[in-house]
Amino acid sequence: MEKVRAFIAIDFPDEVVKEIARVQEVFGNKQFTGKMTELENLHLTLKFLGEIEAEKVEEVRSALREIKFGKFEARLAEAGTFNHRGKPSIVWIKVGGEGIFDLQSAVDLAVEKCGFKKEKRFMSHLTIARVKYVKDKKDFVGYVKRLGVRDVKFNVGGFKLMRSELQPMGPVYTVVEEFELKEK
């Protein structure tokens, strides 16, 4: 049986991508070993489904079509890091706006009917870099916190069920289905 690596996400409009590119450029001046997230791969993951069977994808699609949710405004917020064993591993930018959390809850409820567990703790963020090594951890974390992300507001008009194929050069994302949010 074919397996599909899948997740549910929000894409970003051009003005957000431009700000992230600016932040990545500034951030790129800091010495670290790792990889920046490609601009075309930027997204906010609402729910990671993992490796699922192709028939389960159809079940998820059907459940997601049932979500009734209005468009809303979100915004970029501060930058930070996720650490693994005391070492920075992910550099992220927080995505704010109450609607993000409400939409994530609606997605969680929809896919729970398909056998997926609810998120224990949802952190609304987009990954801008993956870090393998940095010499001075404390200095690096402080630098990231001072990156000065601009408060860019944007409208969220939908979300997508995505397929992720891991390739040697990085992941390749394909849209399985788009789900439009309605006007309130």
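Readers should treat all values here as calculations from the given coordinates under stated rules, not as data from a laboratory. Given the structure is predicted, the values throughout are model-derived calculations rather than measurements. All Cβ positions, even for glycine, are placed from backbone atoms using ideal geometry, and neighbour counts span all protein chains on display.
Here is a yes/no grid of residues against (1) more than 15 Å from ARG163 (Cα to Cα); (2) among the aliphatic types (A, V, I, L, M); (3) touching a Ser or Thr at 6+ places or on another chain (Cβ under 6 Å):
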site	(1), (2), (3)
ARG61	no, no, no
ALA77	yes, yes, no
LYS87	yes, no, no
GLY99	yes, no, no
LEU103	yes, yes, no
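GLN104 meets each of the listed conditions (1) part of a helix (DSSP H, G or I); (2) exposed (fewer than 12 other Cβ atoms within 10 Å of the Cβ); (3) not aliphatic (A, V, I, L, M) apart from (2).
Looking at segment 72-90, which of its residues are part of a loop (DSSP other than H, G, I, E, B) and in contact with a helix residue (DSSP H, G or I) (Cβ under 8 Å, 6 or more places away or on another chain)?
Correct list: GLY86 only.
Would you mind telling me which numbered condition in (1) in contact with a Phe, Trp or Tyr (Cβ under 8 Å, 6 or more places away or on another chain); (2) in a strand (DSSP E or B) LEU147 fails? The failed condition is (2). Against the test of being within 20 Å of LYS145 (Cα to Cα) and either in contact with a Pro (Cβ under 9 Å, 6 or more places away or on another chain) or not aromatic (Phe, Trp, Tyr) (or both), the options LEU126, LEU103, LEU109 yield a single qualifying residue, LEU126. Please verify whether VAL60 is of a type in the set (Val, Ile, Thr), in contact (Cβ under 8 Å) with a residue 12 or more places away in the chain, out of contact with any strand residue (DSSP E or B) (no Cβ under 6 Å at 6 or more places or on another chain) and within 21 Å of LEU181 (Cβ to Cβ), treating the condition exactly as stated. Taking the combined requirement at face value, the residue satisfies it. Scanning segment 73-94 for residues that are buried (at least 17 other Cβ atoms within 10 Å of the Cβ) and hydrophobic (A, V, I, L, M, F, W, C), we see that the one that is nearest to GLU112 (Cα to Cα) is ALA74.
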